[in-house]
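What follows is calculated from the coordinates using simple rules that are stated; it is not laboratory data. Note that the structure is predicted; figures quoted are calculated from it, not measured.
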Amino acid sequence: MNSNPQIGEEKEKEKEMHAWFSTIQKNNILDPIRLQHCKYHKLHTNIYLTECGKEIEVTEVTYSKDNDHSRRFQDSRYMGKVVKWLRPCYN
């Protein structure tokens, strides 16, 4: 049994998933030239479930809200915390 509640909180916080969406990133993922070289699977974005039960399309999920997504993609949008991956989204 864990006698230190902070350790339990830290472990729970580590599991938090933060979702991001960028049209630029999506276009890069689904680029037709890139898809030509993908023999074994189709490239896709993903549908995740938010804490409120809403399904959202995301281009990236991170374990920290503090990351470089907005520096890498000028149209980066933080979509909030997600709790579960649901399915791929092939566009």
| Long-range amide H partners of Asn46 with built H, under 5 Å | Val58, Cys89
| request: Tabulate in residue order the Karplus-calculated ³J(HN,Hα) for segment 64-72, using 6.51 cos²θ - 1.76 cosθ + 1.60 with θ = phi - 60°, rounded to whole Hz; enter x for Gly and Pro. | output: 9, 6, 8, 8, 9, 4, 5, 7, 7
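Normalised by the number of residues in segment 49-90, what is the relative contact order in percent for Cα pairs under 8 Å and 6+ residues apart?
59
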